[in-house]
Amino acid sequence: MKNTLRKLSILAAVTVPLVFSGCTWFNDKPPITTLENPTRSRTLGDYEVNGKVLAQQVCATCHGLTGQSESPMFPKLAGQQKDYIVVQLKDLRDHSRSDKYAIVYMWGMARALTDKQMDELADYYSAQTPMYGEANHSTSAQAQLKRGEDIFNNGIPTAGVVACSGCHGAEGAGMAEIPRIAGQHSDYIMKQIHAYQNPEDKALMEMGGNTWAPKMYDLHRNLERGAAMNAMVANMAPEDVQAVALYLNTMNR
Ligand code: HEC
Ligand code: HEC
């Protein structure tokens, strides 16, 4: 009996302060720093890890060590505009960029990043050398590339398409919040243009039948940010989208 009472009073001594303090001891626990535990640098969510370390240890899995990704599913980030990278990461963090690949792959990543880390990540990628694709030299491919070059430099006046170079620059390198598109994977470019052409297409955002909260259905770039591109490519024919995408992938080479 005496023993049980003692156990109970010890239990009370431990739990009562925890309950009354709202368990703040746990919340106040300082984050484990990289110095204390070097393996932490491989994880997201440690605000002390530098953006460059994250780029090389976390983002590299998909975007490549220097931002030159292999798979067209993962956009190349090498030589991308710094400001563009920062605004995209913020849009991904607040879920306003929300097509299905962004949701599956990038929302979780972006949620764990601080503004400072985003800035450092953008510094890292914007300083890397962009990589261009290999052109196909067959006659039909050459004709397609010529068509793409024409669209890039002159637009398609009959379809209301303005020259891409007007905003993305003569070299396609972009400026500030306007992205580099030169060298980008052509499949990714086509996917993005498809999304800009179909801002109402919820199927683009479908996630294996899951029912998502309405906020998560925010339309891809249904913001002022995407408005320029929505208008630009609204009447572009699929073969022209393909031509300009192939041209952009190989230009400057
Ligand atoms: C598991 C794979 C994966 C990882 C890891 C990953 N990404 Fe991505 N990322 C993607 C995919 C897929 C997209 C394209 C999303 C879309 O199609 O909208 C993307 C898109 C982006 C974009 C937009 C690029 C553009 O041209 O608009 C940026 C910026 C970006 N990622 C940065 C990062 C950073 C920084 C990290 C590390 C913290 C990271 N990503 C880690 C898969 C990944
Ligand atoms: C009026 C200016 C303007 C013109 C003209 C323009 N763009 Fe854009 N483009 C933008 C802006 C701004 C963005 C970034 C929008 C965003 O954040 O979604 C963008 C984004 C893009 C992207 C997405 C890149 C990425 O990494 O996700 C592609 C691809 C693209 N543009 C291709 C083109 C092509 C091809 C043309 C010509 C047919 C063109 N753009 C003409 C302003 C323009």
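Rundown of residues vs (1) at pLDDT below 50; (2) surrounded by 13 or more Cβ atoms within 10 Å (Cβ to Cβ); (3) near ligand 2 (Cβ under 8 Å from one of its atoms), yes/no style:
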residue	(1), (2), (3)
204	no, yes, no
215	yes, no, no
221	yes, yes, yes
243	no, yes, no
Residues to consider are 60, 55, 78; find the one that is free of Cβ contacts under 8 Å to residues at least 24 places away in the same chain, over 12 Å from the mean Cα position of the chain (by Cα) and in the same structural domain as residue 114 (by TED's automatic domain parsing). 60
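Looking at the structure I just gave you, is residue 69 under 16 Å from residue 187 (Cβ atoms) and either near ligand 1 (Cβ under 8 Å from one of its atoms) or surrounded by 15 or more Cβ atoms within 10 Å (Cβ to Cβ) (or both)?
Yes; evaluated as a whole, the condition is true for this residue.
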Scan of the range 63-75 for residues that are more than 16 Å from ligand 2 (Cβ to nearest atom) and without any contact (Cβ under 8 Å) to a residue 24 or more places away in the chain, ordered by number: 65, 70
Cβ-Cβ under 7 Å pairs, at least 6 apart or on other chains, the range 83-105 side closer than 20 Å to residue 176 by Cβ and assigned by TED's automatic domain parsing to the domain that holds residue 115, far side hydroxyl-bearing (Ser, Thr, Tyr) and modelled with pLDDT of 90 or more: 85/125; 85/126
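The values are calculated or read from the model by the stated rules, or taken from the named source; none is laboratory data. Please read all numbers here as calculations on a predicted model, not as lab measurements. Using ideal geometry, Cβ is built from the backbone for each residue, glycine included, and neighbour counts are taken over all protein chains shown.
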